[in-house]
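What follows is a short report on a single structure.
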Amino acid sequence: DVVETQEHYKSRWRSIWIMYLTMFLSSVGFSIVIMSVWPYLQKIDPTADASFLGWIIASYSIGQMVASPLFGLWSNYRPRREPLVVSTTISVAANCLYAYVHLPHSHNKYYMLTARALVGFGAGNVAVVRSYIAGATSLTERTSAMANTSACQAVGFILGPVFQTCFTLIGEEGITWKLIDLQLNMYTAPVLFGALLGVINIILIFAIFREHRVDDMGRQCKSINSEGEESGVLDQDAEGNVDHVAVVAINFLFFVILFVFAVFETIATPLTMDMYSWTRKEAVFYNGIILSVVGIESVIVFMVVKMLSKKTGERAILHGGLLIVLVGFFILLPWGKRLPNIQWQEIKNNSIPRTTSTEMLMPFWSLEALQLPSNHTVEPVGCPITQSWCLNTPMIYLGQYISSDILIGLGYPVCNVMSYTLYSKILGPKPQGVYMGWLTASGSGARILGPVFVSQIYTHLGPRWAFSLICGVVVVSLLLLEIVYKRLIAFSVRYGRMQE
């Protein structure tokens with residue numbers, strides 16, 4: 001047995017910290033524009049509707065779903081620095097493309113779609129990150145390391161909008177660098193900041209990251225990913241088959257967790273613009289503030305949940321997290337009697353017929369708005385009449401929305417951390433690159449279907465249908481967790497090599 005030296009230990013953990021940073025930056029690349037995609041899309045291409053918004057947000061996950069298994073497979077046979085650098089470079093280039101989607105004279109929405117898909121393709125490196133951490137940690141270190149990785153990813157998703165909020169101070173017009181046709185405003189500054197972070201990440205991967213592998217006892221092993229002809233043999237603890245029922249169950253649960261959070265992020269801006277008559281800038285700014293508070297809440301949750309899991313176990317905490325998410329979406333259901341304000345522009349232009357329903361709604365319309373001159377430049381606000389449900393669905397009060405944000409911000413990080421931790425333990429010491437690729441792909445699939453689902457259901461049927469269906473999906477996942485509860489145990493526990 002090769003005993004791990006102090007220098008090897010330090011180098012191993014420096015590399016793991018670089019992987020934490022890579023995971024964080026990957027998720028920031030997704031969420032840093034999530035609150036501004038919709039208003040920016042409306043600005044650069046008026047032909048785009050709320051349904052197309054779902055496809056733009058989903059395109060990130062389509063790219064990630066395709067790339068994750070490929071990068072995971074690549075990382076099983078070659079030095080992991082290769083897929084890490086290539087994937088990050090793709091993300092940097094795609095962010096730069098996003099900053100220029102306003103330039104073409106037509107089809108701007110498709111350029112935005114392409115840019116977000118390429119950012120997602122680059123984010124397929126999360127499978128590489130998790131497979132590296134699984135192989136570079138002992139069994140006693142792995143729970144904490146995988147939890148930290150999930151924490152970095154979740155914090156990235158939540159803190160991305162915080163960066164976006166800071167950039168709203170630049171304004172919609174911002175400044176223009178004519179030499180390179182670059183508009184630096186509240187929509188493009190976040191992606192350029194993301195590109196800068198990606199360049200820093202590449203430099204750190206070259207400077208600090210090294211290939212390391214240890215066995216379950218923490219002893220130094222040879223790695224098949226190292227440069228040269230060096231190869232390693234799996235330790236004896238790798239003997240035995242993975243419980244594929246548990247693997248499939250975790251993949252499904254992770255799909256649901258990412259699905260509901262994608263719905264939560266996607267719907268925030270359109271929902272608040274419809275319900276509270278916020279302008280595009282107000283919606284981006286206020287939602288950014290709300291998610292900033294949720295981000296602080298999540299950091300506290302991560303610190304608490306790592307200690308709590310030692311006493312109650314990951315399965316019980318995952319169960320509790322799903323219940324909290326269920327309550328969060330249940331609160332979002334419209335319960336009151338007051339209807340949302342209706343956008344005045346369609347009425348002003350006489351583009352809708354006067355019906356009994358619209359006459360009943362007249363007291364809720366702003367008299368000043370209806371009397372604006374025809375050459376006005378004020379942005380129309382409120383629930384658009386083209387969404388027929390606006391005429392009969394009660395508004396969701398701001399107190400409901402904020403309460404839901406707090407609960408979902410509590411439940412999501414709990415579920416994210418526990419599902420990845422359980423998954424890593426179930427797989428055990430076997431190479432996890434491809435498995436992690438499939439788990440990432442299932443999460444990406446959720447991010448594809450979530451935004452498309454909610455944009456279609458919300459646009460055509462309204463929040464009552466959208467959030468009722470989400471509650472139903474979470475209930476199904478809770479039932480599945482009950483069925484497979486006893487199978488979600490560590491590989492070593494399953495084969496009697498250690499006690500739970």
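The values are calculated or read from the model by the stated rules, or taken from the named source; none is laboratory data. Predicted model only: the values in this text are computed from it and were never measured. Every residue, glycine among them, receives a Cβ derived from its backbone with ideal geometry; neighbour counts consider all protein chains shown. Quick note on the areas: whole protein, heavy atoms, side chains included, nothing else; ligands and nucleic acids left out. Shrake-Rupley method; radii C 1.70, N 1.55, O 1.52, S 1.80 Å.
Residues that are under 16 Å from Val66 (Cα atoms), open to solvent by 60 Å² or more (accessible area, probe 1.4 Å) and not hydroxyl-bearing (Ser, Thr, Tyr) within the stretch 101-118 comprise just one, Leu118.
Residues of the stretch 14-28 that are open to solvent by 10 Å² or more (accessible area, probe 1.4 Å) and among the small types (Gly, Ala, Ser): Ser26 alone. Is it true that Gly156 is assigned to a helix (DSSP H, G or I), closer than 28 Å to Pro104 by Cβ, assigned by the TED database to the domain that holds Trp38 and open to solvent by less than 50 Å² (accessible area, probe 1.4 Å)? For Gly156, the condition - assigned to a helix (DSSP H, G or I), closer than 28 Å to Pro104 by Cβ, assigned by the TED database to the domain that holds Trp38 and open to solvent by less than 50 Å² (accessible area, probe 1.4 Å) - is not met. Residue-level check: of (1) open to solvent by 10 Å² or more (accessible area, probe 1.4 Å); (2) touching a helix residue (DSSP H, G or I) at 6+ places or on another chain (Cβ under 6 Å), Arg78 misses just (2).
For the stretch 420-429, check the following and say yes or no: at least one residue is closer than 30 Å to Glu282 by Cα, more than 15 Å from the chain's Cα centre (by Cα) and in contact (Cβ under 8 Å) with a residue 12 or more places away in the chain. No; the residues of the stretch 420-429 include none that is closer than 30 Å to Glu282 by Cα, more than 15 Å from the chain's Cα centre (by Cα) and in contact (Cβ under 8 Å) with a residue 12 or more places away in the chain. Whether any residue in the stretch 445-456 is assigned to a helix (DSSP H, G or I), surrounded by fewer than 17 Cβ atoms within 10 Å (Cβ to Cβ) and within 24 Å of the chain's Cα centre (by Cα) is what I want to check. Yes, the stretch 445-456 contains at least one residue that is assigned to a helix (DSSP H, G or I), surrounded by fewer than 17 Cβ atoms within 10 Å (Cβ to Cβ) and within 24 Å of the chain's Cα centre (by Cα).
Cβ separations smaller than 7 Å between residues 6+ apart or across chains give the following pairs from the stretch 472-496 residues that are surrounded by fewer than 17 Cβ atoms within 10 Å (Cβ to Cβ) to residues that are small (Gly, Ala, Ser) and not in a helix (DSSP H, G or I): Tyr495/Gly240. On inspection, Ser51 qualifies as of a type outside the set (Val, Ile, Thr), at negative phi, in a helix (DSSP H, G or I) and touching a Ser or Thr at 6+ places or on another chain (Cβ under 6 Å). Of all the numbered requirements in (1) surrounded by 21 or more Cβ atoms within 10 Å (Cβ to Cβ); (2) hydrophobic (A, V, I, L, M, F, W, C); (3) modelled with pLDDT of 75 or more; (4) in contact with a Pro (Cβ under 9 Å, 6 or more places away or on another chain), Leu339 misses one, and that requirement is (1). Checked across the stretch 5-13, the condition of being touching a Phe, Trp or Tyr at 6+ places or on another chain (Cβ under 6 Å), in a helix (DSSP H, G or I) and open to solvent by less than 10 Å² (accessible area, probe 1.4 Å) holds for no residue. Residues that are surrounded by fewer than 24 Cβ atoms within 10 Å (Cβ to Cβ), touching a residue at least 12 places away in the same chain (Cβ under 8 Å), closer than 22 Å to Cys152 by Cα and hydrophobic (A, V, I, L, M, F, W, C) occur in the stretch 84-91; there is at least one. In the stretch 314-335, the residues that are within 15 Å of Leu479 (Cβ to Cβ) form Cβ pairs under 7 Å with partners that are open to solvent by 40 Å² or more (accessible area, probe 1.4 Å) and modelled with pLDDT of 90 or more, at six or more places apart or across chains, as follows: Leu326/Val475. Can you tell me which residue within the stretch 237-265, out of those that are more than 14 Å from Ile470 (Cα to Cα) and β-branched (Val, Ile, Thr), is surrounded by the most Cβ atoms within 10 Å (Cβ to Cβ)? Checked the stretch 237-265; the qualifying residue surrounded by the most Cβ atoms within 10 Å (Cβ to Cβ) is Ile250. State the number of residues belonging to the stretch 275-290 that are within 17 Å of Cys383 (Cα to Cα) and either open to solvent by less than 10 Å² (accessible area, probe 1.4 Å) or under 23 Å from the mean Cα position of the chain (by Cα) (or both). Of the residues in that region, 6 qualify.
Screening the stretch 159-217 for residues that are farther than 23 Å from Tyr100 by Cβ and of a type in the set (Lys, Arg) and picking the one that is modelled with the highest pLDDT gives Arg210.
Residues in the stretch 54-73 that are modelled with pLDDT of 80 or more, buried (at least 22 other Cβ atoms within 10 Å of the Cβ) and not polar (S, T, N, Q): Ile56, Tyr60, Gly63, Met65, Ala67, Phe71, Gly72. Among the residues of the stretch 86-103, is any modelled with pLDDT of 80 or more and over 27 Å from Asn185 (Cβ atoms)? Yes, the stretch 86-103 has at least one match. If only residues of the stretch 30-40 that are open to solvent by less than 10 Å² (accessible area, probe 1.4 Å) and part of a helix (DSSP H, G or I) are counted, the one that is nearest to Phe163 (Cα to Cα) is Ser31. Condition test on Ala268, is it open to solvent by less than 20 Å² (accessible area, probe 1.4 Å), touching a Pro at 6+ places or on another chain (Cβ under 8 Å) and closer than 26 Å to Trp55 by Cβ? When the stated conditions are applied, Ala268 does not pass them. Before we move on, is Met307 modelled with pLDDT of 80 or more and either loosely packed, with under 15 Cβ neighbours inside 10 Å or closer than 30 Å to Ile170 by Cβ (or both)? So Met307 does not fit the description; no.
If you go through the stretch 187-213, how many residues are more than 26 Å from Ile133 (Cβ to Cβ) and open to solvent by less than 40 Å² (accessible area, probe 1.4 Å)? Counting residues in the stretch 187-213 that are more than 26 Å from Ile133 (Cβ to Cβ) and open to solvent by less than 40 Å² (accessible area, probe 1.4 Å) gives 5.
Looking only at the stretch 166-186, decide whether some residue is under 23 Å from Val263 (Cβ atoms) and either assigned to a loop (DSSP other than H, G, I, E, B) or open to solvent by 10 Å² or more (accessible area, probe 1.4 Å) (or both).
no
Selection of the stretch 396-425 for residues being at pLDDT 85 or above and either closer than 30 Å to Phe71 by Cβ or outside any helix (DSSP H, G or I) (or both) yields Ile396, Tyr397, Ile408, Gly409, Gly411, Tyr412, Val414, Cys415, Met418, Ser419, Leu422, Tyr423.
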